[in-house]
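Data block below; observations after.
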Amino acid sequence: MGDQCVITREITVAGGVFAPGHVGELTQIVPFEMVDQALAATGTTQARIRVLPSRVVVYLLLAGCLFTELGYRQVWHKLTAALGSLPVASPGDNALWQARARLGAAPLRWLFDLLRGPATAITAGSVRWCGLLVCAIDGTTMTIPDSPPNLAAYGKQAGSHGGSGYPLLRLVALVACGTRTLIDAVFGPVSCGELDCARRLRRSLHAGMLVLLDRNFGAAALLGQIAATEAHLLVRLKANRKLPVPRCYRDGSCLSQIGAVRVRVTECHITIATSAGRRTGAYRLATTLLDPCRYPAADLIRLYHQRWEIETAYLELKSSLLGGRVLRARSPADIAQEVYALLTCYQILRIAITDAIEATGGIDPDRGSFTIALNAARDLLTQAANIIASTVIDLVGAIGGRVLDNLLPDRRLRVSPRIVKRAISKYQARGPNINRRSYKATLEINILTAGP
């Protein structure tokens, strides 16, 4: 028989019935004291110690967002898998449902409000531009179970082929482009438009921000409300919009006005050339940064590409975390609880990545892999590892270490709009067949000197 080795390790968890309450190493970002404060602030601390205390249920909901493919009873098994001979409860599905119903959404919302923000002190690169925090606002939809309460509260989206199969909720977020952290987020039924949801994000806008917006957010009233917060904006406009042109500048931009907001407007053609051919798109951008010397038009055009970071954030949230699945909750109250848990889970993963990048310095936060961090967090939760920080301060941690060991390559140029890569029908998906591992792309920007 070959040589054998025995590996033993020490696990430190909370005592008694609180032992299953953790999310592995991520517990250091959302420690016991923070969760207890959230419960106290929202009046949801249990009146007596039960088998499932409120703190444990909060961590169960966060852990459920790391294992979205599992039911809550299986998530419980993940939380207790490494606790060995500790006397932990084995609640059934009904007990877990009752515990979640007693808790409600308020503690998860409190945690999200506490943790949301840019989560970085980096003052250069893709995080800040000319001293301004680069952010983006955009919306998406999420699929929820087709139960009568959900259908009554959220409804389905209408369409030419019968509409959506499931009810949908609309999520609109304000994201820090450099770190893809959530500065704020709101959600509601799809009957509430993106512009109405975006107005609710004004509470998180302030001076020192530069907000990037798609052309669907170019309404004069909304732009005026954003400008009133003293945050600057950079928005794409529709080509057929008529604007006054009282003055033009040497950089190709022109002074104009949208409603009560004075803006500089730049029109350009952006051409991307690859081995697969050339593609040219027309862009028309407006900004409240009125100084053409300090904020040249060509630099603003290049900066606008950062707006795509919010699309990547939604990809991580809906594909990496959710795996494209329908949410679990079958009532509007439970939907709110699950969405706030999902947003909080996403944010703490992003904080772990950002902390690791900041600790090393000189690395673009874009190169930190969300998938690597997610899988590392899952492993450490199952092992109940690093729940409580040691006396030796480790700014990187096991999750951050794995992210730094597997950095992504520098970001490539985007060469085409979003296309269907895997068609539902038997016909070929739209778009050219490009080998994205080997192509080389060059970018050319031609600013049009004619006024808008």
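The values are calculated or read from the model by the stated rules, or taken from the named source; none is laboratory data. Being a predicted model, the structure only gives us computed values, none of them experimental. We place every Cβ from the backbone using ideal geometry, glycine too, and count neighbours over all the protein chains shown. To get the accessible areas, we keep the full protein, side chains included, count just its heavy atoms, and leave off ligands, DNA and RNA. Shrake-Rupley method; radii C 1.70, N 1.55, O 1.52, S 1.80 Å.
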> Inside segment 238-257, can you point out the residues that are within 23 Å of Arg307 (Cα to Cα), in contact (Cβ under 8 Å) with a residue 12 or more places away in the chain and out of contact with any Pro (no Cβ under 8 Å at 6 or more places or on another chain)?
Replying inline: Lys238, Ala239, Gly252
> Residues in segment 107-114: is at least one in contact with a Leu (Cβ under 7 Å, 6 or more places away or on another chain), modelled with pLDDT under 95, of a type outside the set (D, E, K, R) and open to solvent by less than 40 Å² (accessible area, probe 1.4 Å)?
Replying inline: no
> Out of curiosity, is Val6 part of a helix (DSSP H, G or I) and closer than 22 Å to Ala384 by Cα?
Replying inline: no
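Would it be correct to say that Gly104 is under 17 Å from the mean Cα position of the chain (by Cα) and either among the β-branched types (Val, Ile, Thr) or open to solvent by less than 30 Å² (accessible area, probe 1.4 Å) (or both)? Lay out the reasoning, then the answer.
Working: under 17 Å from the mean Cα position of the chain (by Cα): no; either among the β-branched types (Val, Ile, Thr) or open to solvent by less than 30 Å² (accessible area, probe 1.4 Å) (or both): yes.
So Gly104 fails the test.
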>> Pull out all pairs, ordered by first then second residue, where Cβ-Cβ is under 8 Å, the residues are six or more apart or on different chains, the first lies in segment 187-198 and is closer than 11 Å to Thr141 by Cβ, and the second is of a type in the set (Gly, Ala, Ser).
In response: Pro189/Ala153; Pro189/Gly155; Val190/Gly155; Glu194/Gly139
>> With the structure loaded, tell me whether Ile310 is surrounded by 23 or more Cβ atoms within 10 Å (Cβ to Cβ), part of a helix (DSSP H, G or I) and of a type outside the set (D, E, K, R) or whether it fails that test.
In response: yes
>> For the condition modelled with pLDDT of 95 or more and open to solvent by less than 10 Å² (accessible area, probe 1.4 Å), what is the one hit in Ile348, Ile357?
In response: Ile348
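Does Ala207 satisfy the criteria of being of a type outside the set (Ser, Thr, Tyr), surrounded by 21 or more Cβ atoms within 10 Å (Cβ to Cβ) and either in a helix (DSSP H, G or I) or modelled with pLDDT of 95 or more (or both)? Don't jump to the end; show me each part of the working.
Values: of a type outside the set (Ser, Thr, Tyr): yes; surrounded by 21 or more Cβ atoms within 10 Å (Cβ to Cβ): no; either in a helix (DSSP H, G or I) or modelled with pLDDT of 95 or more (or both): yes.
Here the answer is no, as Ala207 does not meet what is asked.
Looking at segment 162-188 only, could you name the residues that are of a type in the set (Phe, Trp, Tyr) and part of a loop (DSSP other than H, G, I, E, B)? First the steps, then the outcome.
From segment 162-188, those of a type in the set (Phe, Trp, Tyr) are 166, 187; that's our starting set.
Answer for segment 162-188, where residues must be of a type in the set (Phe, Trp, Tyr) and part of a loop (DSSP other than H, G, I, E, B): just Tyr166.
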> Mind checking whether some residue in segment 211-226 is open to solvent by 50 Å² or more (accessible area, probe 1.4 Å) and over 24 Å from the mean Cα position of the chain (by Cα)?
Replying inline: yes
>> I need the full set of residues from segment 359-373 which are more than 14 Å from Ala313 (Cβ to Cβ), within 17 Å of the chain's Cα centre (by Cα) and of a type in the set (A, V, I, L, M), in order please.
In response: Ile372
> Can we say Ile357 is in contact with a Pro (Cβ under 8 Å, 6 or more places away or on another chain) and over 30 Å from Asp93 (Cβ atoms)?
Replying inline: yes
